[in-house]
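Worksheet for the structure shown next.
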Amino acid sequence: MDIGAQEHVATRGTIGILGAGRVGTAIARLAIAAGYQVKIATSKPAADNALIIEIVTPGAEAVNAHEAAEADIVVVAVPLHKYKSVGAETLAGKTVIDAMNYWSVTDGDIADFEVDERTSSEVVAAHLAESKLVKSFNHIGYHEMEPDALPFSTADRRALAVAGDHQGAKDQVAAFIDALGFDVVDAGALAAGKNYEPGTDVFNGRFSAEELYAKLHGNLISA
Amino acid sequence: MEIGAYSFGDSQLNADGSLRSTTEAIQNLFAAIKHADDVGLDYFGVGEHHTTTMPASSPGAMIAAAAAATTQIKLGSAASIIGTDDPVRIFQQFATADAISGGGRVEITAGRGSSVETFPLFGHSLEEYDDLYAQKLELLMTINDSETENVTWSGTVRPSLDDLAVVPRPASGKLPIWLATGGNASSSARAGQLGLPVSYGIIGGAPHRFAPLTELYRRSGAAAGHKPEALKVSVGALGFVAPTKAEALERFYPGWHNLNVEMGRLRGWPAPDKRAYLAQADAPGAYYVGSPDEVAERIAHLHGYLGHMRHFLQMDIGGIPQEQLLESITLLATEVKPRVERLLAQK
Ligand SMILES: NC(=O)c1ccc[n+]([C@@H]2O[C@H](COP(=O)([O-])OP(=O)(O)OC[C@H]3O[C@@H](n4cnc5c(N)ncnc54)[C@H](OP(=O)(O)O)[C@@H]3O)[C@@H](O)[C@H]2O)c1
């Protein structure tokens, strides 16, 4: 796969990724291939992750969490039950992608996500109150991200949904996702992210932009 | 290259689709292990899984029984969910089975488990997930590495051991302890740092994409001073062997479908899609479904990326008829294994 040529290096921005797990490293490799500068952090000091990053996401830089938070866009891909360990102050004012899901089979029941009907991203947004949160990458398996990424305007390119309450942040994330190799469908406000949470048709299905649009907006009408 | 199988147990289905007994599933699993030994399979991994469809909850008990009824096959857990179990008890059960096996055939694979069902079952708190896993792994290794029967250990998730006997000791001094991982990079690094052999469970995506993880594992191990021989890699994946690929695809599909319907209900996945099945069953997908030639070819191909020393398949899912499972095991041992060896010798 060869998405994004080298000449983009100077023009694309910096992506910070919190979480060097399956999702974080897959997004990192796509972002590097697309010409972004990528900084990855976990809850551990940067030095602990240096070898992991060198081998698993070559071209990215292992940093401490507060340095990753300085990037143009920050992706949060930590286990959801640890969302409160993500420092809200460092992400104030930032465009933040919430790739996390509430999946009680693997997460167990987490009280914060059981108390009311809010989507997991709305709960996360309450914690990251000063950030511009965009929910995306939730409905694609980590192992599908690289094989399914395709250059712009390829027929039947897979689409990913974005939901958020800040239009500017959503546009910024849409451009990022497009550069990585996916079409983008605007699902609406952050709360509309419920249409691609676990348990929905969209979750883990593979859809083109047209199909995804129909699924998301069909669901909205019937909701 | 060792070729093997693993199973979580597989409850059979009645004609109307209802589940037959979990007793029968355990008896079938025991019969399958004995059969695998007879036909010369190298390895059989058992559980741990706690559902009515897959009831192999007690690998220690099954492996002790199998140790008495088999002569050459290696037996291991796949995996023991150590965070919610007691490492002292796991070690004692496996060391007991090791003695019964005649010594040297029993292994432990320590893992986290892909779901959290053991937490309410055994009364543990998910808040302690990481601590439980890390400390219990450390305790298990402390017992295994102990020079004498008496072990001293202290931690916060379990009462300390102050010079207490943990018996029996394994026949050859130690049991092989593997670390199971599903592809998280830090687990590979950790296995390397600890010098433990690593077992990758690959359930989706292209297996050769695990190559950077095995490199990370080996380099982390070398950096921590472990010898290359100690740094072994095995791969567990879904698969099925039949005389032809068409038969293998047809036999494995109903079970795959049933399992995915069940998982989908639990995990909010969409209805299983046959196209996804067929895609995963073709190179470079995650399922090793095919004729002996095709499965052998794919295992040998993956070896070029991962350099693994054991490849083992989960074949009994979603109520696969027992006789088809036994035939697949026979083909694995008698047809796939020699082909893999031939292909690797040609390299
Ligand atoms: N697996 C999938 O296919 C998939 C797809 C879409 C979405 N998701 C969602 O994405 C999230 C991550 O999943 P995953 O499978 O990638 O998890 P994972 O493999 O367990 O990785 C989680 C990563 O987060 C790090 N981490 C923990 N606390 C942190 C903190 N405060 N700051 C920075 N990093 C931290 C962990 O490292 P340390 O513990 O060492 O800090 C680890 O590197 C989950 O909510 C999941 O539901 C998963």
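If I model the range B:201-340 as equal point scatterers sitting on the Cα atoms and use the Debye formula, what is log10 I(q)/I(0) at q = 0.10, 0.11 Å⁻¹?
Here the Debye-derived log intensity ratios amount to -0.37, -0.44.
To make sure I understand the rule: partners must be lysines, Cα under 18 Å from the Cα of residue A:135, and not fewer than 8 residues away in the same chain. Which ones qualify?
A:82, A:84, A:94, A:170, A:194, A:215
Principal axis extents for chain A, Cα atoms only, whole Å, descending order, please.
Principal extents (Cα only, largest first): 47, 42, 31 Å.
When the Kirkwood hydrodynamic radius is evaluated over all pairs of different C-alpha atoms of the range B:107-162, what value in angstrom, to one decimal, is obtained?
Roughly 12.6 Å, rounded to one decimal.
Kirkwood-based Rg over Rh for the protein assembly as shown (C-alpha set), two decimals? Provide the component values of the computation, followed by the final result.
Numbers: Rg = 23.9 Å, Rh = 24.8 Å.
Rounded to two decimals, Rg/Rh equals 0.96.
To make sure I understand, if each residue's beta carbon is the centre and we count other beta carbons within 10 Å, what order do A:139, A:217, B:308 fall in, fewest to most?
Ascending number of Cβ neighbours within 10 Å: A:217, B:308, A:139.
Taking only the alpha-carbon positions of the range B:35-76 and ignoring solvent, what does the Debye formula give for the base-10 log of I(q)/I(0) at q = 0.16 Å⁻¹?
-0.41
What residue among B:122, B:30, B:94 has the largest mean-square fluctuation in a Gaussian network model of chain B, using Cα springs under 10 Å?
Answer for the Gaussian network model of chain B: B:122.
Once the range B:42-144 is represented by equal point scatterers at the alpha-carbon sites, with solvent omitted, what log10 I(q)/I(0) does the Debye formula produce at q = 0.20, 0.22 Å⁻¹?
With no solvent term, the Cα-only Debye profile gives -0.98, -1.14.
Exactly which GluC sites (Glu not before Pro) in the range B:100-149 are in a DSSP loop and have at most 16 other Cβ atoms within 10 Å?
B:147, B:149
What number do you get for the range B:62-105 when its Cα radius of gyration is normalised by 2.2 N^0.38 Å, N = residues?
1.14
Looking at the range A:71-151, which GluC sites (Glu not before Pro) are DSSP coil and have at most 16 other C-beta atoms within 10 Å of their C-beta?
Passing sites in the range A:71-151 are A:114, A:117, A:130.
How large is the dipole of the range B:2-345 about the Cα centre if only Lys and Arg carry +1 and Asp and Glu carry -1, each at its Cβ, rounded to the nearest 20 debye?
Dipole about the Cα centre, nearest 20: 640 debye.
Semi-axes of the equivalent ellipsoid for the range B:1-84, please: Cα gyration tensor eigenvalues, times 5, square-rooted, ordered largest first, whole Å.
22, 16, 11
Over the range B:2-345, how many pairs of lysines fall under 19 Å by alpha carbon, counting only those 8 or more apart in sequence or from different chains?
Lysine pair count for the range B:2-345: 11.
As a check on your grasp of the helix formula, calculate [θ] at 222 nm for chain B: sum -39500 (n - 2.57) over DSSP H runs of n ≥ 4, divide by the residue count, round to the nearest 500.
Dividing the helical sum by the residues of chain B leaves -14000 deg cm²/dmol.
Cut-off 10 angstrom, C-alpha nodes, Gaussian network model of chain A. Which of A:65, A:33, A:175 fluctuates the most?
In this elastic network of chain A, the residue with the biggest mean-square fluctuation among A:65, A:33, A:175 is A:175.
Equivalent-ellipsoid semi-axes (√(5λ), Cα gyration tensor) for chain B, whole Å, largest first?
Value: 31, 23, 20 Å, ordered largest first.
Mind pulling the per residue volume of the convex hull built on the Cα atoms of the range B:266-305? Å³ is fine.
Cα convex hull per residue, to the nearest whole number: 91 Å³.
For the range B:140-194, what is the Kirkwood hydrodynamic radius in Å, using each pair of distinct C-alpha atoms?
Averaging 1/r across every pair of different Cα atoms and inverting gives 13.1 Å.
What number, in percent, do you get for the relative contact order of the range B:33-141 if the mean sequence gap of Cα pairs under 8 Å and at least 6 apart is divided by its residue count?
27
Pick out which of B:192, B:60, B:103 has the largest mean-square fluctuation in a Gaussian network model of chain B, springs linking Cα atoms closer than 10 Å.
Taking springs between Cα atoms under 10 Å, the residue moving most is B:103.
Only the coordinates and a few stated rules stand behind these numbers; no lab work does. Just so we're clear, the structure is a prediction, and the values are computed from it rather than from any experiment. Cβ: placed from backbone, ideal geometry, glycine included. Neighbour counts: every protein chain shown.
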